[in-house]
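Working notes for the structure below.
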Amino acid sequence: MFCLFSLISLLVIPVICNKGWDINYSSKTKCALKGSTITLSGTYKHPNHLTVTEIFWTVNPSQGNSINLMTLPDYRDRVQFFQNKENRIFFLKLSNVTHEDEGMYCLRIVTDVEDQRFLGYPGIVLNVTELRVEIPAEIIEGASPVLFCRTTCDLSDKTDFTWYKNGKRLSESIVSDQLLLRSVRRDDTGNYSCAPRDQKHLSSPAVTLSVRYPPQSVSVSISPSGEIVEGDSVTLICSSDSNPPALIFRWFKENQNSAVGSGQSFIISSFNSSHSGRYSCEAQNQHGSQRSDSVSVAVEGTQRAVLQTVTGTVAGLIIIIIIIIIVFRSRKRKRECGTEDVNQKQTADSSDDTYTALDPASRTSADIYSTIRSGDFRPPDDTYTALDLQARSSDYETLAVTSAHPH
């Protein structure tokens with residue numbers, strides 16, 4: 001659309017096409033890789049009586065709008081102009097090309113006569129592309145697929161390609177945009193990319209190639225792996241190497257024509273002698289199937305059941321003994337605590353009586369006699385106990401004291 005608009009607008013731009021003006025470009029279109037550096041060129045002629053004062057490249061010109069690329073911010077650091085004056089060839093070198101650079105590039109020639117200017121239209125149309133790898137939708141082991149290094153436009157410059165697998169360069173003899181893989185194996189699975197020769201920084205995004213194949217190396221494992229005792233739960237597990245992974249599994253027992261189970265795991269919850277025999281499994285995906293070698297599964301003893309019973313009995317006895325010990329110790333502690341309380345009470349009572357008896361200041365004469373009675377201190381035929389102490393003379397007091405300490 002911009003080309004049509006530019007062509008219409010150029011009809012009103014004053015140019016002289018039949019009086020010595022002429023511009024020829026190296027090509028009409030240019031296809032470049034994103035990130036690459038391109039060079040555009042054109043030759044020009046002008047009337048001999050005019051002097052060229054300026055020549056430059058412009059992009060997508062329109063009426064009154066032919067701007068020098070050198071002055072545009074998006075181009076300023078990426079564009080260079082140079083020329084061969086003898087042959088009147090003018091070059092444009094543009095680095096780190098992006099999709100925003102797509103458009104029509106034209107030469108603009110300015111002379112010493114203001115209205116004698118010339119725009120070389122139409123110019124060179126630039127298209128920007130990126131590399132991409134195309135692979136078949138499905139690749140089966142043994143096939144010979146071809147990988148392609150594609151672009152959205154045909155690269156203008158002759159380009160040799162380098163191929164990479166998982167970032168590592170493949171044979172240097174491969175320089176085509178096609179890569180043939182003969183009789184692919186599972187080892188050929190990986191991430192493939194392509195790039196212009198010796199320009200890995202312009203490489204395509206990596207594409208994963210996945211080689212598909214039927215189940216192989218099918219095997220059976222047993223859990224638990226040790227001795228099998230009658231009553232055990234036994235699990236048989238089927239493993240295989242396939243792409244895509246196997247989703248269908250069938251289990252077979254020797255001397256039986258039909259499958260005895262399905263699923264990647266085959267569980268026998270309570271194994272006994274009737275389950276003994278040789279078992280095999282078959283793994284299957286959409287590309288084929290394979291059956292494993294058979295494995296022998298048999299009961300080898302009953303010791304585990306006996307051991308479990310003994311272990312359970314011993315554990316029960318231990319628990320009972322522990323409970324008895326706890327109860328015994330608890331009762332013993334209670335008895336000891338009761339005895340201590342009684343002793344403490346008796347000690348406290350005795351202590352109180354002693355100090356009370358020894359404190360004569362706090363007791364009356366009646367208390368003293370009471371103390372004698374509580375101690376059962378009654379001398380036989382105590383003559384002096386009946387005496388009136390108030391009426392006794394001092395002689396009687398001596399006798400009284402003597403009688404209080406009998407020999």
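Cβ crowding within 10 Å ranks 225, 296, 176, 193 as 225, 296, 176, 193, fewest other Cβ atoms first.
Distances between placed amide hydrogens fall under 5 Å for residue 243 paired with 213, all partners being 5 or more residues away or on another chain.
Cut-off under 19 Å on the C-alpha distance; same-chain residues fewer than 8 positions from residue 45 excluded. Which lysines are left, in chain and number order? Counting by Cα, and skipping residues close in sequence, residue 45 has these lysines nearby: 19, 28, 85. Per-residue Karplus couplings for region 154-167, computed as 6.51 cos²θ - 1.76 cosθ + 1.60 with θ equal to phi - 60°, are listed in order as 6, 4, 5, 8, 4, 10, 9, 10, 10, 10, 10, 10, 6, x Hz, Gly and Pro entered as x. With the convex hull drawn over the C-alpha atoms of region 132-209, the volume per residue is 90 Å³. Under a 5 Å amide H cut-off, with hydrogens placed 1.01 Å from N, residue 36 pairs with 97 among residues at least 5 apart or on other chains.
Counting every other Cβ atom within 10 Å of each residue's Cβ, 147, 72 order from fewest to most as 72, 147. Phi angles of region 195-210 translate, via the Karplus equation with coefficients 6.51, -1.76, 1.60 and θ = phi - 60°, into HN-Hα couplings of 7, x, 3, 6, 9, 4, 5, 9, 4, 6, x, 6, 10, 7, 9, 10 Hz per residue; Gly and Pro are given as x.
Straight-line cross-link reach from residue 30 at under 20 Å between alpha-carbon atoms covers these lysines, not counting any fewer than eight positions away in the same chain: 93, 158. Projected label points at residue 112 and residue 198, each 7 Å from Cα along the beta carbon direction, are separated by 4.7 nanometres. Remark: spin-label model distance residue 272-residue 48 equals 12.1 nm, labels positioned 7 Å along the Cα→Cβ axis. Compared with the direct C-alpha span, the chain from residue 22 to residue 247 gains 73.8 nm at full extension, assuming 0.36 nm per residue. Potential lengthening of the chain between residue 294 and residue 130 amounts to 53.6 nm, from the contour at 0.36 nm per residue minus the alpha-carbon distance. Close amide H partners of residue 140, meaning residues 5 or more places away or on another chain with modelled amide H under 5 Å apart, are 212. If I model region 21-178 as equal point scatterers sitting on the Cα atoms and use the Debye formula, what is log10 I(q)/I(0) at q = 0.09, 0.18, 0.19 Å⁻¹? Debye output, listed in q order: -0.42, -1.09, -1.18. The phi torsions of region 105-122, fed into the Karplus equation with coefficients 6.51, -1.76 and 1.60 and a -60° offset, translate into couplings of 10, 10, 8, 10, 10, 10, 10, 6, 9, 4, 8, 9, 10, 9, 10, x, 10, x Hz, rounded to whole numbers, with Gly and Pro shown as x.
Quick one, what does Rg over Rh come out to for region 152-309 if you take C-alpha atoms and the Kirkwood Rh?
1.30
Under the simplified labelling scheme, the residue 324-residue 34 pair shows an inter-label distance of 8.7 nm, with each label point 7 Å from Cα along Cα→Cβ.
Where a number appears in this text, it was derived from the coordinates with a stated rule and is not lab data. The shown structure was predicted, so the numbers you read here are calculated from the model rather than taken from an experiment. Ideal geometry is used to build each Cβ from the backbone, glycine not excepted, and the neighbour counts take in all protein chains shown.
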